[in-house]
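Shown next, in structure tokens, is the structure this report addresses.
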């Protein structure tokens, strides 16, 4: 299994942000995207995850093999940790909720409602969802936000296990997750040139 | 898909879930109308089918703006869109959950509240039947409107403006069926027309709503 992105141009709000992005990701590999704020990392990740169509170019990996962990964790405040995770597991036709709870160090919180968790605990629960999707490629958008040092190391370990089992991870992060085998990709060279002629709307405004 | 239905029902029944909102509104309306109109039994009996149907329609409109907005805000909608369940099924299931928590209780409570409005006895059966067959259309059309307005802050007003005109045929035929039954005429024709609208919206609108959702997720 392989993700290959070729000559991808992606836009946000109709304005191209990145163009000509090409890379390959094979089983067992991780790629970290590096770029300043607003450069289009999230837009690129959402395009690869199939949530928005690219302006140009191709993503070879079908969306059925990708799971996406966004800034928002997709948690329901009035459901417990176990119910939240159980929901995503059954949506993906998977089991292993208890294992995921234990792996992300949430066992003591399993019967607590998500609204009573701290920001870091919510994040851990959001990331535990990755373990019950059974998907090959993890797309991670700033996965370490509000995690403490120990939890960052814990999650780094989880990602390495996923890679060792033949998975792959594509992530945008500003801090080191402790994954030495991860390759870096600087998005700077792919910055889209703003076309001089923005068309009628641009001229009109 | 059953997991999504169970989750939505669970969320509706837990604190702040909004179950009972529509029912409460329906109750208040039917209690207030006799107070406003006056106690004349024949006037009340005449307007009862219309009032009950308008009440049911506005009650099901109340909880619509939360249908996708909550999932959109907490990121669940992104994750559902990348999940193995097709977005069309997500829309249909969420509309079904809305109907089970709004339409079904309304249809069941309507005969009790119809006593307050002095609906002629002959109309009771048709009142329950028409609400049971008509409210699925209200939920499904509403889900389409909610999908169109999902990204908007305070989209409730726009949602009402979009959805209410689409509710008109269901309202006209539904209230007409009850009126005819109450007056001792044959109510089958308006009931069939209304059921046709329900069948068409349930068959077609999940696709339209899923399309609108995909555009709003971009």
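Every number here is computed from the coordinates shown, using simple stated rules; none is lab data. Just so it is clear, the model here is predicted, and its values are computed rather than measured. Neighbour counts run over all protein chains shown; Cβ positions are idealised from the backbone, glycine included.
When the Cα centres of the stretch B:45-59 and the stretch A:32-52 are compared, how far apart do they sit, in Å?
Rounded to whole Å, the Cα centres lie 51 Å apart.
Report the antiparallel proportion of the DSSP beta bridges in the protein assembly as shown as a percent, rounded to a multiple of 5. Mind showing how you got there, number by number?
Values: 13 of 30 bridges.
Of all bridge pairs located within the protein assembly as shown, approximately 45 percent are antiparallel.
Mind pulling up the Rg/Rh value for the protein assembly as shown? Radius of gyration and Kirkwood radius, both on Cα.
On the way: Rg = 25.7 Å, Rh = 23.9 Å.
Rounded to two decimals, Rg over Rh is 1.07.
Once fully extended, how much extra length lies between residue B:115 and residue B:89, figured as 0.36 nm per residue of separation less the alpha-carbon to alpha-carbon distance? Before the final figure, lay out each step's value.
Working: separation 26, 0.36 × 26 = 9.36 nm, distance 3.86 nm.
Here the segment from residue B:115 to residue B:89 would lengthen by 5.5 nm.
Given the rule -39500 (n - 2.57) for each run of at least 4 DSSP H residues, summed and divided by the residues of chain B, what is its mean residue ellipticity at 222 nm, to the nearest 500 deg cm²/dmol? Let's see the in-between values first.
Working: 10 runs with 172 residues, N = 218.
The helix contribution divided over chain B gives -26500 deg cm²/dmol.
When you look at the Cβ of every residue in A:90-101, what mean number of other chain Cβ atoms sits within 10 Å? Please list the in-between numbers first.
Values: counts 6, 10, 4, 4, 0, 0, 0, 0, 0, 0, 0, 0.
Taking the mean over all residues of the peptide, I get 2.
Show log10 I(q)/I(0) for the stretch B:65-186 at q = 0.16, 0.17 Å⁻¹, two decimals, from a solvent-free Debye sum over equal Cα scatterers.
-0.82, -0.88
Could you give the Stokes-Einstein D for the stretch A:1-90 in µm² per second, using the C-alpha Kirkwood radius, 20 °C, 1.002 mPa s? Can you show the working numbers first?
Working: Rh = 14.8 Å.
Translational D for this selection: 145 µm²/s.
Using a simple spin-label model with points 7 Å from Cα along the Cα→Cβ vector, what separation in nm is obtained for residue A:34 and residue A:174?
1.5
Shielding by partners for A:68-76, please: the mean number of other protein chain Cβ atoms within 10 Å of each residue's Cβ. Numbers along the way, then the final one.
Details: counts 6, 3, 4, 2, 8, 4, 8, 3, 10.
The shielding value for this peptide is 5.
Extension gain residue A:150-residue A:55, at 0.36 nm per residue separation less the Cα-Cα distance, in nm? Please report the intermediate quantities before stating the final value.
Values: separation 95, 0.36 × 95 = 34.20 nm, distance 4.00 nm.
Roughly 30.2 nm would be gained on extension.
Report the extension gain between residue B:108 and residue B:154 in nm, rounded to one decimal, defined as 0.36 nm multiplied by the number of residues separating them, less their alpha carbon distance.
Details: separation 46, 0.36 × 46 = 16.56 nm, distance 3.12 nm.
Difference between extended and current length: 13.4 nm.
Starting from the Cα of residue B:14, step 7 Å toward the Cβ, then list every residue of the stretch A:101-117 with an amide N under 18 Å from that point.
A:101, A:106-117
Considering only DSSP beta bridges where both residues belong to chain A, give the percentage that are antiparallel (nearest 5). Provide the component values of the computation, followed by the final result.
Numbers: 13 of 30 bridges.
Close to 45 percent.
Expressed as a whole number of Å, what is the distance separating the alpha-carbon centroids of the stretch A:145-186 and the stretch B:95-159?
Computed from Cα coordinates, the inter-centre distance equals 48 Å.
Please report the Cα spread of the stretch A:50-176 along all three principal axes, rounded to whole Å, starting with the longest.
For the stretch A:50-176, the Cα extents along the three principal axes come out at 45, 32, 28 Å.
Report the FRET efficiency, 1/(1 + (r/R0)^6), for residue A:112 and residue B:189, where r is their Cβ-Cβ distance and R0 is 60 Å, rounded to 0.05.
Details: r = 56 Å, r/R0 = 0.93.
Efficiency for this residue pair is about 0.60.
How many nm separate the modelled label positions at residue B:58 and residue B:41, each set 7 Å beyond the Cα in the direction of the Cβ?
Rounded to a tenth, the inter-label distance reads 2.7 nm.
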